[in-house]
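Scroll down for the structure; my scribbles are underneath it.
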Amino acid sequence: MQLNPEDFTAVRNRLARAKGQLEGVIRMLDEGADCEKVVQQLAASSKAIDKAGYSIIATALEKCLTNPGEDMDPERLQKLFLSLT
């Protein structure tokens, strides 16, 4: 299934924020920041990336259900979903 860029503006924005958070984590490590703050930022970026993946799969599932003849079969969709867990 091809991704339609128009369907994923919010996902792209979420990933851009996660990228900024990861850059912040690296900077914090370089500066010797507090361990707890570093881990909090790392967890936040990880969660943002996970949500982006789930959003992509949710969109694929919706398209699979509304257009069952497309190239995304339920087994492939399940494998994609499980790869995020």
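The values are calculated or read from the model by the stated rules, or taken from the named source; none is laboratory data. Since we're looking at a predicted model, the values are computed, not measured. Cβ coordinates were reconstructed from backbone atoms using ideal geometry, including for glycine residues, and neighbour counts include every protein chain displayed.
Gly32 falls short on exactly one of the conditions (1) over 16 Å from the mean Cα position of the chain (by Cα); (2) on the phi < 0 side of the Ramachandran plot, and that condition is (2).
For (1) at pLDDT 90 or above; (2) closer than 19 Å to Leu84 by Cα; (3) part of a helix (DSSP H, G or I), each residue gets a yes or a no:
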{"site": "Gly24", "(1), (2), (3)": "yes, no, yes"}
{"site": "Glu36", "(1), (2), (3)": "yes, no, yes"}
{"site": "Ala43", "(1), (2), (3)": "yes, yes, yes"}
{"site": "Ser46", "(1), (2), (3)": "yes, yes, yes"}
{"site": "Asp50", "(1), (2), (3)": "yes, yes, yes"}
{"site": "Cys64", "(1), (2), (3)": "no, yes, yes"}
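Residues that are surrounded by 13 or more Cβ atoms within 10 Å (Cβ to Cβ) and among the aliphatic types (A, V, I, L, M) within the range 1-25 comprise Met1, Val11, Leu15, Ala18, Leu22, Val25, listed in sequence order.
In the range 1-19, how many residues are under 30 Å from Thr66 (Cα atoms) and either free of Cβ contacts under 8 Å to residues at least 40 places away in the same chain or among the β-branched types (Val, Ile, Thr) (or both)?
Pass one, the range 1-19, residues under 30 Å from Thr66 (Cα atoms): 1-16.
Now drop any that are not either free of Cβ contacts under 8 Å to residues at least 40 places away in the same chain or among the β-branched types (Val, Ile, Thr) (or both), which leaves 2, 4-6, 9, 11-13, 15-16.
Within the range 1-19, residues that are under 30 Å from Thr66 (Cα atoms) and either free of Cβ contacts under 8 Å to residues at least 40 places away in the same chain or among the β-branched types (Val, Ile, Thr) (or both) number 10.
Ser55 falls short on exactly one of the conditions (1) under 19 Å from the mean Cα position of the chain (by Cα); (2) farther than 22 Å from Thr9 by Cβ; (3) not hydrophobic (A, V, I, L, M, F, W, C), and that condition is (2). Looking only at residues in the range 20-60 that are free of Cβ contacts under 8 Å to residues at least 12 places away in the same chain and of a type in the set (D, E, K, R), the one that is nearest to Lys79 (Cα to Cα) is Lys47.
Looking for something part of a helix (DSSP H, G or I), surrounded by 11 or more Cβ atoms within 10 Å (Cβ to Cβ) and not polar (S, T, N, Q) - is there at least one such residue anywhere in the range 69-76? I'd like the intermediate steps shown before the answer.
Let us first name the residues in the range 69-76 that are part of a helix (DSSP H, G or I), namely 74-76.
In the following step, the residues that additionally are surrounded by 11 or more Cβ atoms within 10 Å (Cβ to Cβ) were identified as 74, 76.
Those still in the list that are not polar (S, T, N, Q) too: 74, 76.
Looking for residues that are part of a helix (DSSP H, G or I), surrounded by 11 or more Cβ atoms within 10 Å (Cβ to Cβ) and not polar (S, T, N, Q), one finds at least one in the range 69-76, hence yes.
Scanning the range 58-85 for residues that are over 23 Å from Arg12 (Cα atoms) and among the small types (Gly, Ala, Ser) turns up just one, Gly69.
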